[in-house]
Amino acid sequence: MPPLKLSLLKHGLLCMVMLICLNSFAQQSRQTIDFDKGWRFNLDAVNNGQLPGLNDAGWRSLNLPHDWSIEGKFSKDNPATPEGGALPGGIGWYRKTFTVPAASKNQLVYIDFDGVYQKSDVWINGHHLGFRPNGYISFRYELTPYLNFGGKNVIAVKVDNSVQPNSRWYSGSGIYRNVWLVTTNKVAIDHWGTYITTPEVSDASATVNLKIQVKNRAVKREVFTIKTSIYNAAGKVVSAGGSIPSKTDLQDTVFENSIDITVKNPHLWSVNQPYLYKVVTQVISGKTIVDTYTTPLGIRYFNFDADKGFSLNGKLMKILGVCDHHDLGSLGAAINTRALERQLQILKAMGCNGIRTSHNPPAPELLDLCDKMGFIVMDEAFDCWEWKKEKYDYHLFFKEWHKRDLEDQILRDRNHPSVMIWSIGNEIPQQHDTSALRIAPELANIVRKLDNTRPITAANNNPDTSNKIIKSGAIDLVGYNYHEGEYAKFHSRYPGKKFIATETTSGLETRGYYEMPSDSIRIWPERWDKPFIRPGNNVSAFDNVRPPWGSTHEATWKVMKKYDFLSGMFIWTGFDYLGEPTPYSWPSRSSYFGIVDLAGFPKDVYYMYQSEWTDKPVLHIFPHWNWEAGKAVDVWAYYNHADEVELFLNGKSLGIKKKTGDDLHIMWRVKFEPGTLKAVSRKDGKVVLTREIHTAGAPAKIELSADRKLIAADGKDLSFITVKILDKDGNVVPDADNLVNFKINGEAVIASVDNGDPVSHDSFKVNYRKAFHGLALAIVQAKEKAGVINFTATSNGLQSASLVLTSK
Ligand code: GAL
């Protein structure tokens with residue numbers, strides 16, 4: 001080998017060794033460990049559960065995230081009431097015994113909670129670290145002064161969700177989000193200590209401004225420099241910048257650095273191409289990297305215009321969003337990234353591009369996913385300020401905690417490119433009260449001090465000019481909840497102001513249940529003094545039932561489409577959620593508002609949005625084709641990419657229909673006869689799509705399909721298995737409610753089961769489920785060992801089915 005090459009090779013090796021050393025030191029400099037495993041839990045009365053010496057060997061072992069309410073029994077007598085999901089609350093204690101290496105003695109150790117519902121007290125080795133009443137806020141405690149380095153430590157958490165009702169929807173109870181143990185050096189970037197903005201963006205170049213807060217906890221002044229590198233999505237450094245050496249002040253002071261870095265020809269973040277960069281900041285003292293910190297970056301610019309509406313990267317578009325609560329259906333409130341990702345995938349496939357985190361700060365994973373998948377987020381802070389509906393909700397804590405909670409939310413979330421609107425409150429009763437003139441500006445100032453790159457709104461159910469929140473001048477976007485009929489007069493009411501539909505629609509549907517005739521809108525209650533009564537507490541899925549304050553899906557979308565200044569909408573809701581079972585109460589225990597049911601099965605109206613909001617060719621016909629002979633059945637079709645649809649019954653044409661004007665569906669009234677209903681959509685005479693529905697016979701067999709057959713062996717990943725009850729010819733039996741039993745062998749467990757029925761009181765945490773309108777769901781969760789998973793479904797009198805999954 002020629003000497004030059006040898007020396008190059010040597011040099012390369014040396015560089016590699018140096019890199020490895022630097023890297024391994026860099027890793028030591030900040031460590032963030034998943035702290036979810038190996039907790040003990042007790043829901044019985046515990047005295048002094050914080051004492052380090054307490055014997056907790058008899059407590060239940062579990063891994064976080066954990067929601068104890070979802071494991072309980074539904075009862076109308078639970079203090080949460082059906083509005084809160086009818087599940088039990090209580091006081092729960094969590095403890096974890098852990099060791100911290102002696103080698104960390106000169107470092108700082110913190111515990112980060114992403115969210116605990118609610119009123120949590122935390123102790124380390126018997127020392128009380130603090131109390132946080134807000135069940136949705138993320139918080140950190142420092143453990144350093146109280147730790148036994150090299151020895152045993154006990155962290156204890158008391159969670160008090162006993163005093164209810166404290167929520168208008170299902171909250172869940174417990175340490176339901178992730179927990180992290182963070183170790184840093186004494187000079188390190190502070191908690192949520194970076195702030196990225198992109199003050200100038202063009203196709204040619206973007207200026208990325210990074211503000212970095214370095215905290216010095218050492219006893220002396222320290223000299224350090226900062227180096228920041230921007231990595232593109234392929235992991236290549238595209239630009240870098242740094243600071244001149246700076247000297248920190250004395251102990252416990254924060255040093256602010258501001259660095260501008262230029263990115264040439266930036267890939268812009270958009271809802272269709274959510275391109276993400278990564279910003280890696282190193283704090284260097286002498287030759288040592290004392291801290292390495294990563295901040296997400298999406299380069300985009302957006303604008304709300306009073307007349308033209310919303311634009312992203314200079315292109316006009318509408319925010320087509322949904323509101324969602326935080327529960328994950330049968331999994332309860334316990335955060336699971338895959339479950340959340342599945343929800344977002346289902347919404348994305350519908351054409352949805354926006355999420356409102358109603359009505360509280362979300363799990364951080366939601367924002368990571370929205371960054372990655374291309375959703376525009378309205379990040380909401382509060383459902384109440386100083387009073388609202390529930391006797392024991394956050395209003396009890398608002399005065400003392402709102403500043404801290406709101407600051408923490410903004411600091412945590414302001415680097416996410418997906419977040420484009422802050423909301424300081426939902427349907428705050430004080431919009432009718434002069435106190436809003438004081439509180440709204442105060443909240444808006446808290447937000448603006450920490451982030452002035454995003455507009456602030458509030459979700460108002462009184463859009464009239466008498467509204468004191470709007471009157472206060474604190475909000476940038478006038479947010480309307482409902483009142484679609486008043487959109488047209490927005491500019492005469494609020495000249496020059498910018499509009500956002502913070503909450504819309506409120507259609508009510510049960511998946512798979514239909515009432516004829518379909519072409520009259522039913523307002524619930526049909527009369528205020530009369531309850532809404534239907535067999536099985538069902539609501540017809542023809543998009544023709546709505547509460548008095550909302551509109552149907554079609555009616556709302558027709559208005560939204562009409563005016564450019566209507567910058568965007570957030571439909572109530574994307575998914576059904578636990579609690580608030582409008583228009584019923586007990587025995588119903590979950591909502592009917594979702595475009596998708598609680599199990600994740602789309603209702604028919606999902607396809608109306610898909611036909612309008614995506615480029616995908618759509619032809620969806622419904623209802624099912626099992627009726628009494630001679631009944632007049634309305635057949636609806638949602639379609640796009642076609643000029644007409646022809647419907648055939650048993651081969652005989654029932655005529656061609658076309659949408660006219662602002663129609664969003666077409667309809668045939670058909671005298672039922674069993675057989676095959678076939679729809680054909682055509683454009684310029686050419687067939688675009690064909691759909692068939694057959695009259696189903698008796699239930700004969702089970703069909704299983706998994707959304708993913710290969711899952712990660714990480715103890716968290718999920719496979720969602722759809723269970724269908726079919727007749728002997730393979731048609732879904734629309735009224736099938738067979739009880740299906742599940743068996744699982746191998747490296748996974750059944751995490752929960754569901755069928756989307758808002759009235760079922762069966763536990764979600766068992767291995768059986770009745771089908772509901774022919775469908776059920778089993779959620780399988782990987783263990784930590786890789787291997788094969790055999791899943792079987794059986795039901796009396798039906799041919800069983802099995803699936804083989806793999807975890808790796
Ligand atoms: C809204 C409210 C939501 C939900 C919805 C039901 O007024 O903001 O939280 O209650 O009504 O339609």
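Structure values in brief
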| item | result |
| --- | --- |
| Value of D in µm² per second that Stokes-Einstein yields for the chain, Kirkwood Rh from Cα pairs, at 25 °C (0.890 mPa s) | 86 |
| Residue order, fewest to most beta carbons within 10 Å, for 62, 87, 578 | 62, 87, 578 |
| Cβ-based net charge around residue 291, under 14 Å, with every Lys or Arg adding one and every Asp or Glu removing one | +3 |
| Peptides ranked, highest mean first, by Cβ atoms within 10 Å: ranges 586-593, 457-464 | 586-593, 457-464 |
| Linear extension gain, residue 348 paired with residue 488, 0.36 nm per residue minus alpha-carbon span | 47.5 nm |
| Residue 239 long-range amide H proximity, modeled H, under 5 Å | 230 |
| q = 0.09, 0.17, 0.18, 0.22 Å⁻¹: log10 I(q)/I(0) that the Debye formula gives for segment 237-384, counting C-alpha atoms only | -0.42, -1.08, -1.13, -1.36 |
| Alpha carbon centroid spacing (whole Å) that separates segment 675-734 from segment 198-227 | 53 |
| Where Rh is the Kirkwood radius over Cα pairs, Rg/Rh for segment 45-193 | 1.02 |
| Size of electric dipole in the chain: Cβ of Lys, Arg +1 and of Asp, Glu -1, about Cα centre, debye, nearest 20 | 1860 |
| Amide hydrogen neighbours beyond the local backbone of residue 187, cut-off 5 Å, H modeled | 217 |
| Gyration tensor over alpha-carbon atoms, segment 436-508, equivalent ellipsoid semi-axes in Å | 22, 14, 12 |
| Interatomic Cα distance distribution for segment 217-316, bins of 10 angstrom, percent | 13, 34, 25, 18, 8, 1 |
| At q = 0.11, 0.22 Å⁻¹, base-10 log of I(q)/I(0) for segment 496-626 (Debye sum, equal scatterers on each alpha carbon) | -0.40, -1.45 |
| Relative exposure of 749, 804, 159, judged by other C-beta atoms within 10 Å (fewest first) | 804, 749, 159 |
| P(r), alpha carbons of segment 50-138 - 5 Å bins starting at zero, rounded % | 3, 10, 17, 20, 20, 15, 8, 4, 2, 2, 1 |
| For segment 153-278: rounded, prolate or oblate by the Cα gyration tensor [a/c cutoff 1.5] | oblate |
| When segment 590-663 is reduced to its Cα atoms, the Kirkwood hydrodynamic radius in Å | 14.3 |
| Over segment 150-192, equivalent-ellipsoid semi-axes from the Cα gyration tensor in Å | 32, 16, 8 |
| Among 655-667, 411-423, the order from most to least packed when residues are scored by Cβ within 10 Å on average | 411-423, 655-667 |
| Relative contact order for the chain, counting Cα pairs under 8 Å that sit 6 or more residues apart, in percent | 9 |
| Distance from segment 608-666 to segment 772-808 (C-alpha centre basis), Å | 34 |
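Values quoted throughout were computed directly from the atomic coordinates according to the rules given, and no laboratory measurement underlies them. Please read all numbers here as calculations on a predicted model, not as lab measurements. Counting neighbours? That spans all protein chains shown, and the Cβs are built from the backbone with ideal geometry, glycine included.
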